[in-house]
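**Q** One structure is given below, represented as structure tokens, and several questions about it will come after.
The values are calculated or read from the model by the stated rules, or taken from the named source; none is laboratory data. Nothing here was measured: the structure is a model prediction, and the numbers come from that model. Backbone-built Cβ (ideal geometry, glycine too); neighbour counts: all protein chains shown.
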Amino acid sequence: MDPKAKEHLLTEAEANEFQQNGYFVVEDVLPQSLTERLRQLTADVVNEDRDRLNIPQDRFHGVLDFIGQRDEFLRLVDWYKTVPKICGLLGPEIKLYHTVGMETPPARGKTTEDHHEWANWHTDTGNLTRDLARDSFNPMISVKVGYVLSDLTSPYMANFTCIPGSQNNIDYPGSHRQFIETNARQVLAPCGSAIIFDRRLWHTPTLNISSTTRYMIFNGYSYRWLANRDEQRIRHFLRRATPIQRQLLGFSNHGAYGSSNSFPDDLPLKDWFEAVKLEGAV
């Protein structure tokens, strides 16, 4: 882990905002040069996939299993300004279980009245809520980091849109899942920032009626025992990954058995996190 990571632990204010709203924004997470590089790589990968699947250039498109698409994406696996905050929310016995690279071009000829064509209110990770929620109890299980690679400081730029506080609602709290609710919030975030949000938070894609193409990378972290959401084709990373990166890429010295157990040699991130907490307590 980057030595600077201990300066970016979850703050009390961030924890409170996460508990209240289900998300928070961290600015200046990525330096400008890296943001620009990641934006270009995301555009390259998405457009390769568009060509392969014959998807029109003016439609939004996301590429699943994104992390292994380019060598440079390995840096984000244990990024020092975000992963310490995920540890503060989930604990350190975690892995990267789902990654997506998104491109949302300007929607030609569309206005704010056309949001119903794109809106799809949902929570993340499929059947988790269906299978685990009981009465008002719905465990968090996973958290996403959305890296903002375009300047999204104005609304109607396909901003991450959510209903703040809705992570506590098992059922959709709005009136219609194909429309933008009046209490919805379009999250404004500058280029190079990160949106960290609870997978239970009700959110939706929205139209981009600006002149800027929106690019984002979403990395999802979960407890190690959760099945991966995509293929996680990352074996080419393992030989050169650091021990913490290997943990976050799902590697276990004990094979599949290790994913549901806490073997010390599988958990270098836990060692780091506990040492940093102990250092801060001195």
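**Q** Taking T212 as meeting all but one of (1) in contact with a Leu (Cβ under 9 Å, 6 or more places away or on another chain); (2) within 26 Å of A43 (Cα to Cα); (3) buried (at least 19 other Cβ atoms within 10 Å of the Cβ), write down the number of the exception.
**A** So T212 meets the others, but not (3).
**Q** Next question, about the same structure. Contact list please: Cβ distance under 9 Å, first residue in the stretch 103-118 and touching a residue at least 12 places away in the same chain (Cβ under 8 Å), second residue basic (K, R) and part of a helix (DSSP H, G or I), pairs at least six apart or on different chains.
**A** Pairs found: E103/R50.
**Q** Still on this structure, I have one more. Please determine whether any residue of the stretch 233-253 is polar (S, T, N, Q) and loosely packed, with under 14 Cβ neighbours inside 10 Å.
**A** Within the stretch 233-253 (the criterion being polar (S, T, N, Q) and loosely packed, with under 14 Cβ neighbours inside 10 Å), the answer is yes, since at least one residue qualifies.
**Q** When you look at I244, is it under 22 Å from L10 (Cβ atoms) and within 16 Å of the chain's Cα centre (by Cα), yes or no?
**A** Answer is no for this residue.
**Q** I've got another one for you. Quick one: Q186 ticks every box in (1) touching a strand residue (DSSP E or B) at 6+ places or on another chain (Cβ under 7 Å); (2) crowded, with 20+ Cβ neighbours inside 10 Å except a single one, so which number is it?
**A** (2)
**Q** List the pairs whose first member sits in the stretch 126-147 and is under 30 Å from L30 (Cβ atoms), whose second member is small (G, A, S) and modelled with pLDDT of 90 or more, and whose Cβ atoms are under 7 Å apart, counting only residues at least 6 apart or on separate chains?
**A** Partner pairs satisfying both residue conditions: I141/S222; S142/G220; S142/S222; K144/G220; V145/A194; G146/A194; Y147/A194.
**Q** Shifting gears a bit: Anything in the stretch 94-125 that is in contact with a helix residue (DSSP H, G or I) (Cβ under 7 Å, 6 or more places away or on another chain) and either part of a loop (DSSP other than H, G, I, E, B) or of a type in the set (S, T, Y) (or both)? List them, or say none.
**A** T99, T123
**Q** Give just the number: which of (1) at pLDDT 95 or above; (2) assigned to a loop (DSSP other than H, G, I, E, B); (3) surrounded by 23 or more Cβ atoms within 10 Å (Cβ to Cβ) does T206 not satisfy?
**A** Unmet for T206, out of (1) at pLDDT 95 or above; (2) assigned to a loop (DSSP other than H, G, I, E, B); (3) surrounded by 23 or more Cβ atoms within 10 Å (Cβ to Cβ): (1).
**Q** Taking helices (runs of 4 or more DSSP H) that do not extend beyond the stretch 28-91, which have at least 3 residues that are free of Cβ contacts under 8 Å to residues at least 24 places away in the same chain?
**A** Per the criteria, 32-53.
**Q** Only one residue in L128, L132, L152 is out of contact with any helix residue (DSSP H, G or I) (no Cβ under 8 Å at 6 or more places or on another chain) and modelled with pLDDT of 95 or more, so which one is that?
**A** L152
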